[in-house]
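Here's the structure we're looking at; comments come further down.
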Amino acid sequence: MTKHMPDIACQPHQGPQGKLNWVGMSGIELPILVHSVNDTIRLSSSTQAYVNLTDPQSKGIHMSRLYLLLDQMATQEPLTAQRVEAILQAFIASHTGLSDHALVEFRFDYYERRASLLSQNSGWKQYPATIRGELKQGEYRCEVTLEVPYSSTCPCSAALSRQLIQQAFEAQFAGQTLDYQQVLAWLGTPEGICATPHSQRSYAQIKLQLNAQAELNLSALINLVEDCLKTPVQAAVKREDEQEFARLNASNLMFCEDAARRLQAAFNQQPEVLDYWLRVNHLESLHPHDAVAVVTKGVAGGYIDEPNLMGLFN
């Protein structure tokens with residue numbers, strides 16, 4: 001005969017009474033499914049799940065219900081905006097009379113095999129990402145954050161380098177009758193390229209609020225960012241790839257302001273993006289500090305223009 005097991009959470013609360021904003025779990029180890037290029041992939045995530053507690057006389061929520069719902073609903077089908085909303089609705093339904101506000105967040109590293117610039121090679125690249133959903137009294141909010149690395153070359157440094165090369169050319173050939181082959185050979189020497197502009201690894205941090213029908217296609221978002229900035233960081237590199245990377249950097253000189261405006265223009269054209277917060281970080285090689293630009297869509301009641309909103313960079 002099965003003994004009746006006490007459920008302390010359902011007993012009347014005898015201590016100080018009050019409503020609670022959030023009660024739940026963080027650091028949940030959970031394999032999730034997300035859309036990739038032409039497939040669905042399984043990734044390991046660190047997940048947190050919460051509901052509010054509106055009954056001041058209740059001892060607490062039923063955390064096991066949140067976990068079991070995550071196990072049933074977040075690991076068997078790809079996460080879309082609609083799927084995340086369904087998870088939140090189930091959270092609240094499992095706590096009828098206790099909760100009317102739910103939140104879930106999946107934090108993970110998204111890996112994708114990316115083609116090299118010119119060679120037939122490809123390599124894996126990592127993109128830190130988060131999918132976050134919140135449902136409050138029937139109002140749903142879906143958010144995706146993504147970090148995309150790229151390379152940036154300073155336009156000012158490029159101009160100063162060109163000036164030095166001109167000066168070196170003048171010092172070498174002033175007053176001479178120039179021979180094409182002689183000049184061509186000189187351009188291939190260290191003296192011919194006596195200065196190079198400084199460039200640095202850079203990061204675009206993207207925070208997007210998406211409409212409820214969004215597929216959460218991370219690959220498409222990465223393509224949008226990399227196609228916009230045009231200098232993606234490479235994984236597998238042969239000499240032809242490195243040369244093409246150098247050409248792309250020279251033809252896409254940009255300050256952090258330029259990068260932010262390019263992304264601003266690109267995301268303004270995405271109908272599924274209701275709001276955005278974009279931060280570009282150029283990790284300077286010239287300075288010990290970084291160059292940063294931040295832009296938001298400017299939606300009333302939307303993201304604020306706080307520089308460190310994502311809390312990932314100083």
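The values are calculated or read from the model by the stated rules, or taken from the named source; none is laboratory data. All values derive from a computational prediction rather than experimental measurement. All Cβ positions, glycine included, derive from the backbone under ideal geometry; neighbour counts span all protein chains shown.
Are there any pairs, at least 6 apart or on different chains, whose C-beta atoms fall under 6 Å, with the first in segment 131-160 and within 14 Å of residue 276 (Cβ to Cβ) and the second among the hydrophobic types (A, V, I, L, M, F, W, C) and part of a strand (DSSP E or B), and if so, which?
142/210; 144/131; 144/208; 146/129; 146/206; 148/204
State all residues of segment 249-282 that are more than 17 Å from residue 203 (Cα to Cα) and outside any strand (DSSP E or B); if no residue qualifies, say none. Lay out the reasoning, then the answer.
Of segment 249-282, the ones more than 17 Å from residue 203 (Cα to Cα) are 250-251, 265, 268-275.
If the condition is that a residue be more than 17 Å from residue 203 (Cα to Cα) and outside any strand (DSSP E or B), then 250, 251, 265, 268, 269, 270, 271, 272 are the ones that fit.
Considering only residues that are in contact with a strand residue (DSSP E or B) (Cβ under 7 Å, 6 or more places away or on another chain) and under 21 Å from residue 213 (Cβ atoms), which ones fall in segment 69-90? Show your work before the answer.
Here is the first cut: in segment 69-90, the ones in contact with a strand residue (DSSP E or B) (Cβ under 7 Å, 6 or more places away or on another chain) are 70, 74-75, 77-79, 81, 84-85, 87-89.
Scanning segment 69-90 gives 74, 77, 78, 79, 81, 84, 85, 87, 88, 89.
Considering segment 79-107 alone, what residues qualify as being more than 20 Å from residue 58 (Cβ to Cβ) and of a type in the set (Val, Ile, Thr)?
Listed by number, the residues that qualify are 80, 84, 87, 104.
Would you please list the contacts, defined by Cβ atoms under 6 Å and residues six or more apart or on different chains, that run from a residue in segment 199-211 that is under 26 Å from residue 274 (Cβ atoms) and in contact (Cβ under 8 Å) with a residue 60 or more places away in the chain to a residue that is of a type in the set (Lys, Arg) and in a strand (DSSP E or B)?
Final answer for the pair search is 205/279.
Answer yes if at least one residue in segment 61-77 is outside any loop (DSSP other than H, G, I, E, B), at pLDDT below 90 and out of contact with any helix residue (DSSP H, G or I) (no Cβ under 6 Å at 6 or more places or on another chain), and no otherwise.
Of the residues in segment 61-77, the ones outside any loop (DSSP other than H, G, I, E, B) are 63-73.
Filter once more, keeping what is at pLDDT below 90: none.
No.
If I ask for residues that are at pLDDT 95 or above, of a type in the set (S, T, N, Q) and surrounded by 16 or more Cβ atoms within 10 Å (Cβ to Cβ), which ones from segment 205-218 would you list?
If the condition is that a residue be at pLDDT 95 or above, of a type in the set (S, T, N, Q) and surrounded by 16 or more Cβ atoms within 10 Å (Cβ to Cβ), then 205, 209 are the ones that fit.
Can you pull out the residues in segment 20-77 that are surrounded by fewer than 16 Cβ atoms within 10 Å (Cβ to Cβ), closer than 25 Å to residue 217 by Cα and more than 26 Å from the chain's Cα centre (by Cα)?
The one that is surrounded by fewer than 16 Cβ atoms within 10 Å (Cβ to Cβ), closer than 25 Å to residue 217 by Cα and more than 26 Å from the chain's Cα centre (by Cα): 72.
Pull out all pairs, ordered by first then second residue, where Cβ-Cβ is under 8 Å, the residues are six or more apart or on different chains, the first lies in segment 227-238 and is at positive phi, and the second is at pLDDT 95 or above and not in a helix (DSSP H, G or I).
These pairs meet every condition: 230/252.
Is it the case, given these coordinates, that residue 170 is among the charged types (D, E, K, R), free of Cβ contacts under 8 Å to residues at least 60 places away in the same chain and under 30 Å from residue 42 (Cβ atoms)? Write out each step before concluding.
Numbers: among the charged types (D, E, K, R): yes; free of Cβ contacts under 8 Å to residues at least 60 places away in the same chain: yes; under 30 Å from residue 42 (Cβ atoms): no.
So residue 170 fails the test.
Name every residue in segment 209-244 that is within 20 Å of residue 43 (Cβ to Cβ) and outside any helix (DSSP H, G or I), in order of residue number.
210, 214, 215, 216, 217, 235, listed by residue number.
Mind checking whether some residue in segment 210-220 is at positive phi and of a type in the set (A, V, I, L, M)?
In the first step, residues of segment 210-220 are kept if they are at positive phi; the result is 216.
Remaining after also requiring of a type in the set (A, V, I, L, M): 216.
Yes; the residues of segment 210-220 include at least one that is at positive phi and of a type in the set (A, V, I, L, M).
Kindly indicate whether residue 174 is more than 28 Å from the chain's Cα centre (by Cα) and under 19 Å from residue 198 (Cβ atoms).
Numbers: more than 28 Å from the chain's Cα centre (by Cα): yes; under 19 Å from residue 198 (Cβ atoms): no.
So residue 174 does not fit the description; no.
Pairs needed: first member in segment 289-314, under 15 Å from residue 202 (Cβ atoms) and at pLDDT below 90; second member anywhere, of a type in the set (A, V, I, L, M) and outside any loop (DSSP other than H, G, I, E, B); C-beta distance under 9 Å; at least 6 residues apart or different chains.
Taking only residues 6 or more apart or on different chains, the pairs are 313/292.
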